[in-house]
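Since every read-out is calculated from the coordinates, none of them should be taken as a lab result. The structure displayed is predicted, hence computed values, not measured ones. In this analysis, Cβ positions are derived from the backbone assuming ideal geometry, glycine residues included, and neighbour counts consider all displayed protein chains.
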Amino acid sequence: MKENKQLTCIGCPMGCTVTVEMEDGNVLSVTGNTCRRGEIYARKEVTHPTRIVTSTVRIEGGTFDMLPVKTASDVPKDKIFACMKSLDGITVRAPVKIGDEVVKDAGGTGVSFVTTRDVPKA
């Protein structure tokens, strides 16, 4: 059975409304995108959606109380809550540099949480 899904593309700043025609879980066509990234995004979003996960953790001995972190790459959308759970109780000690690993294998995804800012010692 054929179905159409409409998405707002986040592949670039244009924010195109993209229509994906599907049949039996397979993508037949993608229309409405103005660039190649739109087609790539739409195909991935309807077959295997992923996200970058961002959050904060506590940091001790630094110039801030909280440290922003994100997954080093995108993770399956259905693993977001497992990734967030892996941050429970995490406290980092200053100093830290952008890209320092905070949690390995977040939520069993094989993807690490990394820092997104430098924080010097206080």
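If you place +1 on the Cβ of every Lys and Arg, -1 on the Cβ of every Asp and Glu, and leave all else neutral, what size is the dipole of segment 2-48 about its Cα centre, to the nearest 20 Debye?
Its charge dipole is roughly 220 debye.
Which listed residue (Thr63, Val46, Thr31) has the Cα farthest towards the positive end of the charge dipole for the chain, taking +1 on Lys and Arg C-beta and -1 on Asp and Glu C-beta about the Cα centre?
Farthest towards the positive end: Thr63.
Long-range amide H contacts for Asn33: which residues qualify at under 5 Å (H placed 1.01 Å from N, peptide plane, sequence gap of 5 or more or a different chain)?
Thr19
Antiparallel as a % of all DSSP beta bridges within segment 54-115, to the nearest 5?
75
Return the long-range amide H neighbours of Gly62 (sequence gap of 5 or more, or a different chain), with a cut-off of under 5 Å between placed amide H atoms.
Ala94, Ala122
Give, rounded to the nearest 20 debye, the magnitude of the charge dipole that the chain has about its Cα centre when Lys and Arg contribute +1 at Cβ and Asp and Glu contribute -1 at Cβ.
In debye, rounded to 20, the chain gives about 280.
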